[in-house]
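Shown next, in structure tokens, is the structure this report addresses.
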Amino acid sequence: MIRDVHEWMALLRREGELVEIEAEVDPNLELAEIHRRVIAANGPALLFKRPKGYEIPVVTNLLGTKRRVDLCFGPRPRQFVERAVRMVHELVPPTFGKLWDNRDFFMDAPRIGTRRVSAGPVTQTVTRGGGLNPTRAFAPPPRRISSAAVSMDSSPVAVGGRFAVKHCFCHLRSGKTRFMFNTLATFDRASLHALPHTAVRAHGGVGHIQFCRVVETGGLAGGVNFIDHAVLAPGVSIGRHRHGEGEEELYLVLAGEGVMWRDGEEFVVRAGDLIRNAPGGTHGLHNPGPAPLEIFVFELRVGGP
């Protein structure tokens, strides 16, 4: 069982899953761009020992691959969730015998999750009074995108503004797998060429799409759940999936050509097409090739605030 970050990092060193960077790295854009490219390549965790202007090191990508997630948490949480999904079908209709046969599951359930403790490594070092310099002790705050757009070319980093990236878990409603994906922490203006994409398998489809959540709930004043940018390579698909009655989704095709499946109907979509996926509807998208298929996905709230 991993008890703290230091123990976790020691395990990653032994497993060859941690790269330690001795060179000074600027936390304003440079560090985030290195991190983004390593995540996109399913690379190792990164320990930046000398972030420019700060005395505390920065570690990123600790749980960026399935292997590292399994190393940290072990198979038990995944097995628990998989069994819970099976039981939804196996226990219907519920009987005393079925519940008794699965009593170990219900006894384990209260032990899953976090717990409150009175002490821990985070409380072992305390600085009081004038000895604390927050400017140098803590990582820099997220930077809001400026009015100048972010752009990128073949150079390591080419910037016309500032942006911050955050990393979240998202299940993409597959009900089976959780993915790590990138989303812009704040949004004002951005270039498609600089979005921090991550390879994910969408709704059980074939292959991996390149995915970025540009805006999520709260990022805009209107009733938008999210705005996604995605690129499907030839042969890749977004699996067929159903949305809830409170969700309406629009696909805007930016480039390429694909085959859309929507509520039993199959049709070709091309650059410039805007497709509505109605609340409660089922749809999927496939790129038969030969060129990449690039889309924007807008999900809107229906009947809510």
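Before we move on, is Met107 surrounded by fewer than 14 Cβ atoms within 10 Å (Cβ to Cβ) and aliphatic (A, V, I, L, M)? Answer is yes for this residue. The C-beta contact set for the stretch 254-265 (first residue loosely packed, with under 15 Cβ neighbours inside 10 Å, second residue not in a loop (DSSP other than H, G, I, E, B), distance under 8 angstrom, 6+ apart or interchain) comprises Ala255/Leu293; Ala255/Glu294; Asp263/Thr282; Asp263/His283. Suppose we filter the stretch 212-241 for residues that are within 30 Å of Pro290 (Cβ to Cβ), in a strand (DSSP E or B) and not β-branched (Val, Ile, Thr); how many remain? Here the count works out to 11.
Do we have any residue at all in the stretch 59-74 that's of a type in the set (Val, Ile, Thr) and over 16 Å from Val25 (Cα atoms)? Yes, some residue in the stretch 59-74 is of a type in the set (Val, Ile, Thr) and over 16 Å from Val25 (Cα atoms). Listed here are the strands (runs of 3 or more DSSP E) enclosed by the stretch 1-102 that have at least 2 residues being touching a strand residue (DSSP E or B) at 6+ places or on another chain (Cβ under 7 Å) and loosely packed, with under 15 Cβ neighbours inside 10 Å: 18-25, 45-51.
Highlighted here are the strands (runs of 3 or more DSSP E) found entirely within the stretch 248-305 that include at least 2 residues which are in contact with a Pro (Cβ under 8 Å, 6 or more places away or on another chain) and at pLDDT 95 or above: 257-262.
The values are calculated or read from the model by the stated rules, or taken from the named source; none is laboratory data. Note that the structure is predicted; figures quoted are calculated from it, not measured. Every residue, glycine as well, gets a Cβ built from its backbone with ideal geometry; the counts of neighbours run over all protein chains shown.
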